[in-house]
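The values are calculated or read from the model by the stated rules, or taken from the named source; none is laboratory data. Owing to the predicted nature of the structure, the values given are computational and were not obtained by experimental measurement. Every residue, glycine as well, gets a Cβ built from its backbone with ideal geometry; the counts of neighbours run over all protein chains shown.
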Amino acid sequence: MLPVAAAVVAGYLGGALPFGLWLGRLCAGVDVREHGSRNLGATNVYRVLGPRLGIATLLLDVLKGALPTWLLPGLPPFTGFPGGSEACAVTVGVGAVAGHVWSCFAGFRGGRGVATTAGVLLALAPAAFGAFLAVFVLTVAVTRYVSLGSVLGSLAFVAALALGSGGRFARPVFVMGVALAALVIVRHRDNLGRLARGEERRFSFRRSSGSP
């Protein structure tokens, strides 16, 4: 079980890197956990600190899901992984998303997991990543609700994984996709409640008023 434990820990530690927190502190002297929605995701960083740091956080959060998932299964400590390289990549990817959501470097407070999930999909299932990205961008462009785009994008990538599975729904990648989509939706439950009440904030390309 050593390769399994190593994959979980390596994925978690990579995903736990709190780029939103670090960029805010280093570049603006601001802890984004004290402003806006108080999470470390790219949307909150964008709203609080502007597009430069928001986009940088987004790209780094995607990469910390994609790179470990893509690279680690080929390294010697993981070559004996039970189930093969696909199972190893899935384990690393799930660990990375868990690290982002519950970062040990930020008091176990992170983001909602969307960007890091997208990075894992980019490494494992590019077609599903494309489905997520298309639905996310279209939804946000039409409604300007990032939360709705994240939820619908998650459902889209599960549908894309199902279509590409050939009926093999027990494949590790499909099971991972369902689990990560469920996590994204659960992490957005408060947003969905505000959407239902008409209280959810729309995304704006302008920095939020009152931000530091």
- line: Being basic (Lys, Arg), surrounded by fewer than 20 Cβ atoms within 10 Å (Cβ to Cβ), touching a Lys or Arg at 6+ places or on another chain (Cβ under 9 Å) and within 18 Å of Arg189 (Cβ to Cβ) narrows Arg144, Arg109 down to just Arg109
- request: Tell me the helices (runs of 4 or more DSSP H) entirely within the stretch 103-212 that contain at least 1 residues that are modelled with pLDDT under 95, on the phi > 0 side of the Ramachandran plot and within 12 Å of the chain's Cα centre (by Cα).
  value: none
message: For the stretch 51-102, give me each residue that is in a loop (DSSP other than H, G, I, E, B) and either crowded, with 21+ Cβ neighbours inside 10 Å or out of contact with any Lys or Arg (no Cβ under 9 Å at 6 or more places or on another chain) (or both).
response: Leu75, Thr79, Gly80, Phe81, Pro82, Gly83, Gly84
Count - residues of the stretch 103-123 that are of a type in the set (A, V, I, L, M, F, W, C) and either free of Cβ contacts under 8 Å to residues at least 40 places away in the same chain or in contact with an Asp or Glu (Cβ under 8 Å, 6 or more places away or on another chain) (or both): 2
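For the structure I just gave you, tell me whether Ser204 is surrounded by fewer than 21 Cβ atoms within 10 Å (Cβ to Cβ), polar (S, T, N, Q) and either touching a residue at least 24 places away in the same chain (Cβ under 8 Å) or in contact with a Cys (Cβ under 6 Å, 6 or more places away or on another chain) (or both).
Values: surrounded by fewer than 21 Cβ atoms within 10 Å (Cβ to Cβ): yes; polar (S, T, N, Q): yes; either touching a residue at least 24 places away in the same chain (Cβ under 8 Å) or in contact with a Cys (Cβ under 6 Å, 6 or more places away or on another chain) (or both): yes.
Here the answer is yes, as Ser204 does meet what is asked.
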task: Could you check Ala16 against (1) more than 22 Å from Ala66 (Cβ to Cβ); (2) surrounded by fewer than 24 Cβ atoms within 10 Å (Cβ to Cβ); (3) in contact with a Gly (Cβ under 7 Å, 6 or more places away or on another chain) and say which number it fails?
output: (1)
task: Check whether at least one residue in the stretch 40-63 is of a type in the set (Lys, Arg), touching a residue at least 24 places away in the same chain (Cβ under 8 Å) and in contact with a helix residue (DSSP H, G or I) (Cβ under 7 Å, 6 or more places away or on another chain), and report yes or no.
output: no
- prompt: Can you find a residue in the stretch 38-50 that is closer than 14 Å to Val101 by Cα, assigned to a loop (DSSP other than H, G, I, E, B) and at pLDDT 95 or above?
  reply: no
query: So, of the residues in the stretch 124-141 that are under 25 Å from Pro73 (Cβ atoms) and in contact (Cβ under 8 Å) with a residue 24 or more places away in the chain, which turns out to be surrounded by the fewest Cβ atoms within 10 Å (Cβ to Cβ)?
result: Ala127
query: What pairs can you find where one residue is in the stretch 159-171 and farther than 20 Å from Ser85 by Cβ, the other is of a type in the set (Phe, Trp, Tyr), and their Cβ atoms are less than 7 Å apart, with a gap of 6+ or different chains?
result: Ala162/Phe174
